[in-house]
Structures are given as structure tokens and as C-alpha cells.
1. Within the stretch 17-36, identify whether any single residue is closer than 25 Å to Lys134 by Cα, part of a loop (DSSP other than H, G, I, E, B), in contact (Cβ under 8 Å) with a residue 24 or more places away in the chain and touching an Asp or Glu at 6+ places or on another chain (Cβ under 8 Å), and answer yes or no.
2. Based on what the data block shows, is Arg92 at pLDDT 95 or above and in contact with a helix residue (DSSP H, G or I) (Cβ under 6 Å, 6 or more places away or on another chain)?
3. Looking at the stretch 51-69, can you tell me whether even one residue there is touching a strand residue (DSSP E or B) at 6+ places or on another chain (Cβ under 9 Å), touching a residue at least 60 places away in the same chain (Cβ under 8 Å), within 25 Å of His22 (Cβ to Cβ) and aliphatic (A, V, I, L, M)?
4. Among Val52, Val65, which is the only one that is part of a loop (DSSP other than H, G, I, E, B) and either within 30 Å of Leu121 (Cβ to Cβ) or in contact with a Cys (Cβ under 9 Å, 6 or more places away or on another chain) (or both)?
5. Restricting to the stretch 103-122, count the residues that are under 24 Å from Leu31 (Cβ atoms) and surrounded by 11 or more Cβ atoms within 10 Å (Cβ to Cβ).
6. Can you confirm whether the stretch 124-135 contains a residue that is in a strand (DSSP E or B) and touching a Gly at 6+ places or on another chain (Cβ under 6 Å)?
7. Say whether the condition of being among the β-branched types (Val, Ile, Thr), surrounded by 13 or more Cβ atoms within 10 Å (Cβ to Cβ) and not in a strand (DSSP E or B) is met by at least one residue in the stretch 73-91.
8. Could you tell me how many of the residues in the stretch 92-123 are farther than 14 Å from Leu54 by Cβ, touching a strand residue (DSSP E or B) at 6+ places or on another chain (Cβ under 7 Å) and either assigned to a strand (DSSP E or B) or without any contact (Cβ under 8 Å) to a residue 12 or more places away in the chain (or both)?
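The values are calculated or read from the model by the stated rules, or taken from the named source; none is laboratory data. For clarity, every value in this text was computed on a predicted model and none was experimentally measured. For neighbour counting, all protein chains shown are included, and Cβ atoms are generated from backbone atoms with ideal geometry for every residue, glycine included.
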Amino acid sequence: MDLCGMRLLGTKVCKKHDLGVHNNLFGGTMLSWIDELAVAFVNEVCFSPNMVTLKVEEVLFKSPVKENNLIKIYGDIVRIGNKSIKIAVEARKFNVYSHEEAVVTTTKLVFVRIDEDGNSLPIAQHVKDKHPDKLA
């Protein structure tokens, strides 16, 4: 299911060891899932394995995630700058019986392309040419 033009980045299952003190998914685990899938997405989009997280914007935890919940994480490009890319991410609880999805977490992340010394590099022109509507 592709809602709002977002692309499915991956699916996770909330396991017992992912739970915090209130028996909900620990927020840090959700952020880890989002960051891992988001960087894989921008690596693909930017034709580079050298993308690093620069910033995570406001994170909204809209509803709890419980043990055994299936979480689908979606992403979409917001903008592409000279050396960075910003994406929007939604984590959605997936109901295996009805196939309905409910947004549980939203955020935006900024990634920067770097060289082997950690210095920022421009994103390739062919990437910008492929997404002219997303240029900053």
C-alpha cells in the first residue's frame, strides 16, 4: 500500500526486548529503525554509500506500539540541496487482519554526503537532474 506518495522503506516487528517500562516500544528503538531504513533509502537515491545523518527534526510519537505489532516505515524526499537531502518519514502500525495502517511516528531527517575523511561532498548532478521538483 502506497499512501501519500511515500515509499515503503522496510517492515519491523515489535518484540518483547524492544519494549520500555510502560510495555510500549521504546522511542529510541523506533528512532534507530527509522535512521537505519532512512539512510539506506538516501544511499540509494543519492547513488552513494557515504550518507550520514546530520539532523533529526521534531519526532512525534502519536500512539503506542505494542509487542507483536507490525510497523511499516515509509519515506519520501522533501528536498535535495547541494550537499544534503531531507526526507520525511512515517512509521505506521499495520493491522494484519484488515491491512489498515495507522501512523504512529513522524519525523524529517537531513543527511549529508561525505568523503572518507568526513568532509561534505556535493550530491551528484544526475541525482538532482532526476528530482528537479525537489531541489532546494
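1. Looking through the stretch 17-36, none of the residues is closer than 25 Å to Lys134 by Cα, part of a loop (DSSP other than H, G, I, E, B), in contact (Cβ under 8 Å) with a residue 24 or more places away in the chain and touching an Asp or Glu at 6+ places or on another chain (Cβ under 8 Å).
2. No.
3. No, the stretch 51-69 contains no residue that is touching a strand residue (DSSP E or B) at 6+ places or on another chain (Cβ under 9 Å), touching a residue at least 60 places away in the same chain (Cβ under 8 Å), within 25 Å of His22 (Cβ to Cβ) and aliphatic (A, V, I, L, M).
4. One residue alone meets the criteria, Val65.
5. So the answer is 13.
6. Checking the stretch 124-135: not a single residue is in a strand (DSSP E or B) and touching a Gly at 6+ places or on another chain (Cβ under 6 Å).
7. No.
8. 9
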